[in-house]
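The structure appears right after this line, and notes come after that.
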Amino acid sequence: MVNFAFRAHHMGNIHRLKPAVSSADADAQLKLGLRYYQSGEVTQDSEDYALAAHCFQMAAAQGLAAAQFNLGLMCYHGRGLPLDFVQAAFWYQLAAEQGHTDAQLNLASMYTNGEGVAQYDAESARLCTLAAQKGNPGAQFNVGLMYANGKGVCKDQVTAYMWLSIAISSGFTQAIDKLDHLALNMTDDEIDEAQHRALQWSETRV
C-alpha cells in the first residue's frame, strides 16, 4: 500500500511536469527525470528508468550538468540504459568539465580503476583535487589518501593530513581513523603545519 501511494503521488507530479518536456525547459526535464527515477526505485519498473533516461538525455543535450551526471550514473549501473563504462565516463566528463563535483569524483574513480578509460592515477588525482577544492567531502578524503599513499601525486604526509582534516570538518567522519593512523608517523611540527594549512584553506572558503 505504501509503494502504491508513493507511486500515485509521484505520477501526479509527473503528469503536471510533462508539458515542460516538449518546451525545451532543461530544469523541468531534469525534475521529471528524477520523478521517474524515484518511481523506478520504488516499483523496480524498468519503464520508469527508461523514461527517466529519456528526460535526462533531453536536458543533457541542452548542457545541463546534473542531467549529464545522472546519465553517467545510469550507464555505470545499467539502470534505464545499457551497462556501459565508456558511456558513463563520457557523460561524467561532460558534467565534470562544467564543475560538477560528484561527476569529477566518479570520473576520478573510473581513472583509478581503469573503467571505461585508461587507468591513470595522475588524472584521477587532478579530478579529485578539483572537486576537493570546491568542497566535496568525499573528494577531500580521497585526495588525503592519495597524498598519504603517493598515488597520482608525490607522497606528502603534511598535505595528506591537511586534506583529511578538511574532510572531517566537512562531515566526512570516515576520515578520522585514517587521520589518527597517519599522525602516528608524523612529528608535532608536521601536524602543526598541516593543521595551519587546513585552517588557512577553510578561511578562504568563508
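Shown here: region 63-176, whose C-alpha atoms stretch 42, 26, 22 Å along the first, second and third principal axes, sorted largest to smallest. In whole angstrom, region 148-199 maps to an equivalent ellipsoid with semi-axes of 15, 13, 11, each derived as √(5λ) from the alpha carbon gyration tensor and ordered largest first. How charged is the neighbourhood of residue 40? Take every other residue with its Cβ under 9 Å from the Cβ of residue 40, and add Lys/Arg as +1 and Asp/Glu as -1. Taking every other residue near residue 40 into account, the sum is -3.
Mean residue ellipticity at 222 nm, helices only, the chain: -24500 deg cm²/dmol; runs of at least 4 DSSP H residues each add -39,500 (n - 2.57), and the sum is divided by the number of residues.
Suppose all protein chains stay in the model; what accessible area per residue would a 1.4 Å probe give for the chain, in Å²?
52 Å²
Projecting label points 7 angstrom from Cα along Cα→Cβ for residue 180 and residue 85 puts them 3.5 nm apart. The accessible surface of the chain, taken with every protein chain in place and a 1.4 Å probe, is 54 percent carbon and sulfur. Between the residues 168, 143, 109, the greatest Cα displacement towards the positive end of the dipole of region 96-203, with unit charges on the Cβ of Lys, Arg, Asp and Glu, is found for 109.
In this Cβ point-charge picture (+1 for Lys and Arg, -1 for Asp and Glu), region 58-206 has a dipole of about 480 debye about its Cα centre.
Overall, the ratio between the Cα radius of gyration of region 16-115 and 2.2 N^0.38 Å, rounded to two decimals, is 1.03. With 10 Å bins from zero, work out the P(r) of the chain over every alpha carbon pair and list the percent per bin. Spelled out per bin, shortest first, that is 9, 28, 26, 21, 12, 3, 0.
The values are calculated or read from the model by the stated rules, or taken from the named source; none is laboratory data. Bear in mind the structure is a predicted one, so any value in this text is a computation, not a measurement. Glycine also receives a Cβ, built like all others from the backbone with ideal geometry; neighbour counts cover every protein chain displayed. These accessible areas exclude ligands, DNA and RNA; they are computed on the full protein's heavy atoms, side chains included. Shrake-Rupley method; radii C 1.70, N 1.55, O 1.52, S 1.80 Å.
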